[in-house]
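Working notes, structure below.
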Amino acid sequence: MSQKISGVKGMNDLLPPTSAVWQYVEKKARQMFDSFGYLEIRTPVLEDTALFVRSVGEETDIVGKEMYTFQDKAGRSLSLRPEGTAPAVRAYIEHAVHNLEPLTRWFYLGPMFRYERMKTGRYRQFFQAGAEAYGAKEPAQDVELMDMAMQFFRAIELPGVSLEINSLGDDACRPAYLSALNAYFSGHSAQLCDDCRARLQRNPLRILDCKNPQCQQLAKGAPAMLDLLCPACRAHFDEVKAKLDALEIPYRVNPRIVRGLDYYTRTAFEFLAADPVLGTAGAVGGGGRYDKLIASLGGPDIPGIGFALGLDRLCLLVAQGNRNLGKAPILFVAIVDPGSQAVAMKLISGLRRQGFAVDFDTRGGSLKSQMKRADKSGERFAVVLGEDEVSKGRARLKPMQGGEPRSVALDELSSLLKNLA
Ligand code: ATP
Ligand code: MG
C-alpha cells in the first residue's frame, strides 16, 4: 500500500458544510466594501522579502520569526505574504495610482502566511479581508473604516465585537516616548525575556506587544503614548473620538494597543470578540494609520490607513451560531429506469441553463437510493421520471418537506419553479 501524504501543518482544508459559512462571510464582506465604495485589488501571495523587512519591520515577530522565506531558482529572496498592507502599498506605488486620483480606497481578501504556534483561531495559512485608504490624513477617514468594520460585524450577526482605540503618535512625539519607554524598561531589564532585552535599544515599543507573561506584566506599568502626544496628534485623536461618538459607535480607549507592525502612526485600533471559544486569539481584526509608510517604501508623501479582519476567527464564531447557511439546489430529479435518463438529463440541463440549481444522481441506481439522497441534500422539490412520465410529458412535483404532490407538464416546470423559488 502507498503511504498517505498529509496536508501542511497549520494549513487547513475547507470542506462542506463549513465552506458555506465562508461563502456567507465573504459575500457579506464584499457587500460591505461595495457599499462604502472600496474597490478590490489582488496582489500575488509572493513578494520580495525586502518589502516586509522594510515595512513591517525587522524587530517584529512577523518578520523576525514568522515569515515563510525562501530563495527561488534565480537566488532571489521571496516571502509568502504575512499581511496585506505592504503588498497593497507596493502596488499603489508601482502603478503610480496617486497620479490617477487623490483618494484611493481598496480592499483585498485572501490568504496570509505566518509560521506561528497553532491553536484555535491561529493558523499558518489564514485569511484576511482588509481595507486600505490612501490620501486622507483626516480623522473622518479613520472613523469611516471603523464604522465599516462595525457594520460588517452587525451584518454577520456578531454583535459582541468591541472596538478599542489608541494613538501611537508621530515623528514629533514618538521619539520622546521611546526614550521614556527605554528608561522604564532599562530599569527592569533583568525581568525581560531575551527577545525584549534585544528590543530595548532598537525598538522598545515592541516590548509592549510581547506575548511573554512576565513582559506583559511589566508592560502594564510602562508609560503610555497617550500621555505624551504632541498637540497635533492629540487633536487628531480627540477628533476621532468625537466622530465615533457622533456616529454612536461604542469604543474603549486602550493605551496598551501597539499592534504587531512597525509602520503605524497615530490611530491604532483593534476589534475584539468576547466569545471564549477563541481564547487568547480573541482579536478578530486590527488596523491603524501609517502616514509615513508610502514614502518610506519609495512612494510619494501620502498618508494611509487600513484594517485587516481575521476571517478564520470570524467564521469560527459564525459557525458557532449554528445558523443554516448551506444552500441546497431547489430540485432533485430522480429516474425510475435507465431508459428515462436521456430525457431527465435534457430537462436538467435546460433548467440549469436558465439558472436553476438542480441535482440528480449521476450513478442512476434504485429509485429508493436516489430519493434517500434527495432527502439528505435538503432540496425543496423532487420530480420522478419513468416511462409513463416521459411519454406523456408530465410528472409529479413532490414537496420534500411534506405536502401534496402536484402534476406538472415538463415544459412548464421552469415557470412553476420560478414562482416557487
Ligand atoms: P494576534 O495578536 O492574535 O497575533 P496580530 O496582531 O498578529 O494578532 P494582525 O497582524 O493585526 O494580527 O492581523 C489582523 C487579524 O488577522 C487579527 O486580528 C486576527 O484576527 C487575524 N490573524 C492574525 N494572525 C492570524 C493567524 N495566525 N491565524 C488566524 N488569524 C490570524
Ligand atoms: Mg500575531
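Taken together, the values in this text are just the output of simple stated rules run on the coordinates, not laboratory data. Since the model is a prediction, treat every value here as computed from it, not as a measurement. As a convention, Cβ positions derive from the backbone with ideal geometry for all residues, glycine included, and neighbour counts pool all protein chains shown.
A few comments on the model shown:
- Near K292, once Lys and Arg are set to +1 and Asp and Glu to -1 for all other residues with Cβ below 9 Å from its Cβ, the sum equals -4.
- Radius of gyration, Dmax [the range 217-365; alpha carbons; angstrom]: 27.0, 83
- Expected 222 nm ellipticity per residue - DSSP helices of 4 or more, -39500 (n - 2.57), all of the chain, to 500: -10500 deg cm²/dmol
- Helix 231-246 axis, angle to the chain major axis (alpha carbon atoms, nearest 10°): 30 degrees
- If you take all other residues with their beta carbon under 15 Å from the beta carbon of A96, and give Lys and Arg +1 and Asp and Glu -1, the sum is -2.
- When the listed pairs K346/K368; K73/K292; K4/K119; K28/K241 are checked against a 30 Å cut-off, the alpha-carbon distance exceeds it for K73/K292.
- Of all stretches in the chain that contain no GluC sites (Glu not before Pro) in a DSSP loop with at most 14 other Cβ atoms within 10 Å, the longest one is 249-421.
- Eligible aspartates and glutamates near K398 by straight Cα distance, threshold 16 Å, same-chain separation 8 or greater: D359, D375, E379, E389, E412
- Toward the positive end of the charge dipole of the chain, with +1 on the Cβ of Lys and Arg and -1 on the Cβ of Asp and Glu, the farthest Cα among Y184, P82, A357 is that of A357.
- Degrees separating the helix 18-35 axis from the principal Cα axis of the chain, which is the longest one: 60 degrees
- Angle of helix 311-320 to the longest C-alpha principal axis of the chain, folded into 0 to 90 degrees and rounded to 10: 50°.
- Mean projected area in nm² (Cα convex hull; one quarter of hull surface) for the range 363-419: 4.5 nm²
- Surface/4 estimate of mean projected area, convex hull on alpha-carbon atoms of the chain, nm²: 28.2 nm²
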